[in-house]
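Below: one structure, written as structure tokens.
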Amino acid sequence: MQNTPPPAPAPWAALIPEEQWRVLTAGAEALDEAGARFLLAGALALATYTGHWRNTKDMDVIVHATDRERAIAALQRAGFEDYYPQQAYDRSWIFRGIKEGVLFDVIWALPNHRVGIDEAWFERAGVVTLHGREYRVAPAEELVRVKLYVMQRERCDWVDVLNVLAASVEHLSWPWLVERMGRDLPLLHAALAIFNWMCPGRAHALPPWLRKQFALARVEADDLAATEERRVRLFDSRPWFAPHQPLNEPLER
């Protein structure tokens, strides 16, 4: 059984602007009425696992590929317009609906089509309660997996990977994540090597078998916390690393 922490209050929800909540609520209700199961993804999933929110100014949800047409039709009935006429996008993996100037993205695959959305996403989903409603959230392991593939000149999601690892290292189902990575396991190896160097204290919580498999050397230092502080700032001095930031302020985008 997956070793996930129990649902907890989400104080970071208070940071999200009211217009974004209205759009999230409208989209969620439309999907519920259409019988299209969905999971929170993007910044909301990141905040669920790290306790820190980052304003990406859009809402992302995951649906099963078999529900995509139903989900798109439901959003359009609810007044969401296709964002495509304003800015073209690849419709093979995402539908971008817009309402009141807020984007609501419905995702059923990865842009490179390497990762699909299968039933395991829903079976292993996390849970968060926001504004009195319970939402299901993309599993932390899948959040790590999909973000490992996002390394572009304009955007790299490895920052999110490091934040999820720092917050969830003791709770992640490592055998499951290793199995799901398949032939792309070297990507996870690379991320864990960085995590092990940047956060030597937190990385001690990685299971011994995983440390051995990836030959992760134990870092010894007089002050592991100070070592982490210095190394985090070597990457970026802005407030990007969730464990070092106050809960009442959003993360740097």
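The values are calculated or read from the model by the stated rules, or taken from the named source; none is laboratory data. In this text the structure is predicted, and so the values were computed from the model without any measurement. Note that each Cβ is placed from the backbone with ideal geometry, even for glycine, and that neighbours are counted across all protein chains shown. Keep in mind that these areas ignore ligands, DNA and RNA; they rest on the heavy atoms of the full protein, side chains included. Shrake-Rupley method; radii C 1.70, N 1.55, O 1.52, S 1.80 Å.
For the range 16-57, just say rounded, prolate or oblate: build the C-alpha gyration tensor, square-root its eigenvalues into a ≥ b ≥ c, call rounded for a/c under 1.5, and beyond that prolate if a/b exceeds b/c, oblate if not. The partial results should precede the final answer.
Working: a/c = 3.32, a/b = 1.52, b/c = 2.18.
Oblate, because a/c is 1.5 or more while a/b does not exceed b/c.
Accessible area per residue (1.4 Å probe, heavy atoms of protein chains only) ranks 223, 184 as 223, 184, with the largest value leading. For the set 92, 173, 237, solvent exposure ranked by accessible area (probe 1.4 Å, protein chains only) runs largest to smallest as 237, 92, 173.
In the assembled protein chains, residue 189 presents an accessible area of approximately 70 Å² (probe radius 1.4 Å).
Calculate for the chain the 222 nm mean residue ellipticity that helices alone would give, adding -39,500 (n - 2.57) per DSSP H run of length 4 or more and normalising by residue count, nearest 500 deg cm²/dmol.
Theoretical 222 nm ellipticity from helices: -12000 deg cm²/dmol.
Measuring with a 1.4 angstrom probe and ignoring ligands and nucleic acids, residue 244 comes out at about 60 Å² accessible. When the trypsin sites (Lys or Arg not before Pro) in the range 59-149 are filtered for DSSP coil states and for at most 15 other beta-carbon atoms within 10 Å of their beta-carbon, the remaining sites are 91, 114.
The accessible area of residue 194, taken with all protein chains in place and a 1.4 Å probe, comes to roughly 60 Å².
Between helix 18-34 and the chain there is an angle of about 70 degrees, using the helix long axis and the longest principal axis of the Cα atoms. The calculated FRET efficiency for residue 127 paired with residue 234, based on their beta-carbon distance and R0 = 51 Å, is about 0.90. Per-residue accessible area (protein heavy atoms, 1.4 Å probe) orders 222, 82 as 222, 82, starting from the largest.
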